[in-house]
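The values are calculated or read from the model by the stated rules, or taken from the named source; none is laboratory data. Keep in mind it's a predicted model, so treat the numbers as computed, not measured. Every residue, glycine as well, gets a Cβ built from its backbone with ideal geometry; the counts of neighbours run over all protein chains shown. When the accessible area is computed, the model is the full protein with side chains, heavy atoms only, and any ligands, DNA or RNA have been set aside. Shrake-Rupley method; radii C 1.70, N 1.55, O 1.52, S 1.80 Å.
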Amino acid sequence: MPRTGHRLPGLLPLFLATVLAATACTSAGDEPAAPKSRPATTPTGKPDRQHPVAAFLQPGREAVMMTDAAGRTWKAADLLPSTATSSFNAARVPRELVWSPDASHLAWMDSPSVSETGQIHLLDVRSGQLASRPCPCAGLGFLGEDAVSLANDGRSLLLFPPSGKARRIALDKRLPPYSQLATGGTDDVTLFSLLPEGGEIHRGEGTLVVADREGEVRPLLPDKGTTSFAEAQRQPGGEAVAWADLESSGACWSVQTVQTHPGTSGKGPRRWLPGDAAFRHALVEQPRMVTHLAWAGDGLTLTYSALSTCQVMAPERTASYHLRDGRWTYLGRGMLGIAFGAEGRVVRLKDPVYAKDADRFTTGTLTLTTGDSELVLGKGVSLFALTPAESAAARTPKSPAAQPGTGVAAVDDHGARLPAAVGQLARDIADAAARGDSDRLVELCDPCSTGEHDWIRSGDGARNVLRAIRTHPMRQPGGDLLYPGLTMCVDEPGKDISCTPQQLHDAAALRLKPGLAPGMEYSGSSYTASDAVLVPLTLRLEKGTARWTGLAAG
């Protein structure tokens with residue numbers, strides 16, 4: 001795919017926040033309900049403030065919060081220091097929280113506009129003291145125990161020790177404007193270096209380089225290796241780097257893909273995309289974004305999602321995974337992020353609430369599974385980060401979550417409950433079709449014409465019946481139910497023919513490819529059932545009895 005319409009890397013954190021903080025349509029589907037959380041208990045006693053396992057951000061409370069291993073939480077810091085003279089500005093809420101290697105300090109930065117100089121905030125976890133300093137810089141990490149960023153002029157690293165004055169490490173190679181620090185490390189840091197646009201280099205493309213404590217800069221990717229940077233994480237205690245490559249971008253066309261690199265200069269990166277049913281049902285082949293990325297031992301947890309700015313959102317539009325040694329484990333849907341910690345702890349940011357304007361944030365409910373219970377750590381959470389020790393000690397999940405179901409729908413194409421008799425007939429049809437029992441299907445299709453019976457008995461008849469009856473029906477003016485109900489819809493919120501979650505489910509189940517709505521004023525992708533070359537089925541309810549009355553025209 002050509003890399004077109006890139007944004008400058010210095011604007012990417014703000015761009016991602018805008019993507020997440022957009023209006024979206026949500027509607028309950030009819031997939032099997034997720035298992036209920038294990039009985040929750042309220043942790044007792046005072047929180048262990050000396051040994052947090054995670055930090056998280058609640059923009060509504062203007063607070064940085066922390067939790068210990070038992071799920072006891074406390075307010076670690078205000079987003080605005082008590083000495084601040086300006087009022088709270090949502091546009092400056094941080095986009096990341098970064099731990100020092102020993103978790104003694106937590107750092108974050110304001111998100112300034114292009115013309116402003118933000119501040120770096122360094123919290124001493126044990127004492128609770130917060131130091132805030134101006135930082136004309138881009139990106140954030142730790143170089144050993146020192147918070148570090150890249151100066152805006154690209155000439156040096158800016159170091160902020162836990163105590164003492166800030167200092168510079170002059171780089172032996174100047175990086176171009178809009179470069180930024182990607183992620184930290186023990187002895188060196190990874191930088192994203194923007195490349196001049198022209199020739200085979202498209203807007204927003206750059207390369208990854210490494211800078212050490214002596215200021216020596218060396219390439220990380222092979223010669224002429226390029227990427228587009230959105231977010232990066234260094235493996236705790238290791239050299240490997242994972243990041244979200246912004247393959248192409250635009251207001252409503254962002255394609256992000258997770259890439260990893262072993263950390264050895266000259267080696268090539270590896271691109272990671274799942275290919276299971278859950279990923280297909282999320283309809284995030286393109287566009288898509290990575291809403292969370294975290295190391296879990298020598299594996300990763302990652303979440304792919306549709307774009308809430310531009311697409312209709314539902315729980316099925318996200319898919320979370322654990323990735324280790326090239327093996328994918330599906331972890332579930334409806335999460336903004338998931339991370340594994342020590343002793344089997346799991347942190348989930350779920351139940352998204354999509355913002356109604358660009359000045360707010362997509363938030364969710366943060367939970368901690370520990371022992372036999374799932375505890376709610378906080379609501380209105382925009383981001384979270386486990387300590388390096390928690391991430392390094394993460395366990396591989398024992399078993400995958402259930403993939404999206406292929407059963408018969410219990411609701412119509414707009415989420416209204418179907419009569420019980422219709423649901424039972426649909427299940428009977430599906431069972432016979434799955435067995436390839438044409439005689440039973442002919443018996444169920446009554447009254448039907450001889451031609452319709454011949455079609456049912458044809459080579460692909462039972463398979464096509466099964467495909468249709470597993471979709472959501474459309475209610476016809478006379479009361480008939482037409483399977484599938486999808487004719488055409490657009491994957492764009494707030495439009496008169498916006499796809500419902502049920503129609504999106506059917507588009508995925510029928511493996512429809514997104515296209516443009518011809519001759520219509522919609523910018524989003526459209527799905528058209530006729531692309532499936534599928535003869536629709538008609539069911540009718542007569543005096544409480546459901547009947548399959550045959551095939552509809554088409």
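Points to keep in mind about this one:
- Global geometry of region 190-308, whether rounded, prolate or oblate, following the gyration tensor of its Cα atoms and the 1.5 cut on a/c: oblate
- Each label was represented as a point 7 Å from its Cα along the Cα-to-Cβ direction; for ASP325 and ALA421 these points are 5.7 nm apart.
- Per-residue packing, averaged as other Cβ atoms within 10 Å, sorts the ranges 46-52, 154-160, 291-297 into the order 291-297, 154-160, 46-52, beginning with the highest.
- Inter-centroid distance (Cα atoms) of region 485-500 relative to region 284-337, Å: 24
- On a per residue basis, the chain carries 44 Å² of accessible surface, using protein heavy atoms and a 1.4 Å probe.
- The apolar share of the surface of the chain, taken as the fraction of accessible area on carbon and sulfur atoms (1.4 Å probe, ligands and nucleic acids excluded), comes to 50 percent.
- Applying a DSSP loop filter and a limit of 12 other Cβ atoms within 10 Å to the trypsin sites (Lys or Arg not before Pro) in region 387-454 leaves LYS398.
- Loop trypsin sites (Lys or Arg not before Pro), region 441-471, which have at most 16 other Cβ atoms in a 10 Å radius of their Cβ (DSSP): none
- Amide H to amide H, with H built 1.01 Å from N, GLU492 comes under 5 Å of VAL312, CYS499, counting only residues 5 or more places away or on other chains.
- Bins of 5 Å from zero: percent of alpha-carbon pairs in region 367-526: 1, 7, 12, 13, 13, 11, 10, 11, 8, 5, 4, 2, 1, 0
- Shape category assigned to region 376-445 from the gyration tensor of Cα positions, a/c cut at 1.5: oblate
- Measuring nothing but how far apart in sequence close Cα pairs (under 8 Å, 6+ apart) lie, relative to its length, region 276-341 scores a relative contact order of 32 percent.
- When you filter the chymotrypsin sites (Phe, Trp or Tyr not before Pro) in region 92-177 for DSSP loop state and at most 11 other Cβ atoms inside 10 Å of their Cβ, nothing is left.
- Placing +1 on the Cβ of every Lys and Arg and -1 on the Cβ of every Asp and Glu, with nothing else charged, gives the chain a dipole about its Cα centre of roughly 720 debye.
- Simple rule: put +1 on each Lys or Arg Cβ and -1 on each Asp or Glu Cβ in the chain, find the dipole, and look at GLY237, PRO177, TRP455; the Cα lying farthest toward the positive end is GLY237.
- Members of LYS75/LYS350; LYS173/LYS267; LYS165/LYS224 lying beyond 28 Å, as alpha-carbon distances in this model show: LYS165/LYS224
- Spatial separation of Cα centroids for region 352-405 and region 207-258, in angstrom: 24
- Sequence-distant residues sharing a close amide H with THR370 (under 5 Å, placed H): LEU375
- Average Cα contact separation per residue, the chain, under 8 Å, 6 or more apart, as relative contact order %: 13
- Difference of contour (0.36 nm per residue) and Cα-Cα distance, GLU197 to GLU214: 3.2 nm
- For ALA296, the residues whose modelled amide H falls within less than 5 Å of its own, excluding neighbours fewer than 5 places apart on the same chain, are THR301.
- Equivalent ellipsoid, the chain (semi-axes from 5 times Cα gyration tensor eigenvalues, Å): 48, 26, 20
- Within region 206-302: Cβ-based charge dipole about Cα centre, in debye rounded to nearest 20 (Lys, Arg +1; Asp, Glu -1): 160
- Annotation: the antiparallel percentage among DSSP beta bridges lying fully within region 111-231 is about 95.
- Antiparallel %, DSSP beta bridges [both residues in the chain], to 5: 95
- Couplings 3J(HN,Hα) for region 146-160, derived from phi with the Karplus relation 6.51 cos²θ - 1.76 cosθ + 1.60 (θ = phi - 60°), are 9, 5, 9, 8, 9, 4, 4, 7, x, 8, 7, 8, 9, 9, 10 Hz, where x marks Gly and Pro.
- Cα-based shape type of region 249-355, given that a ≥ b ≥ c are square roots of the gyration tensor eigenvalues and the cut on a/c is 1.5: oblate
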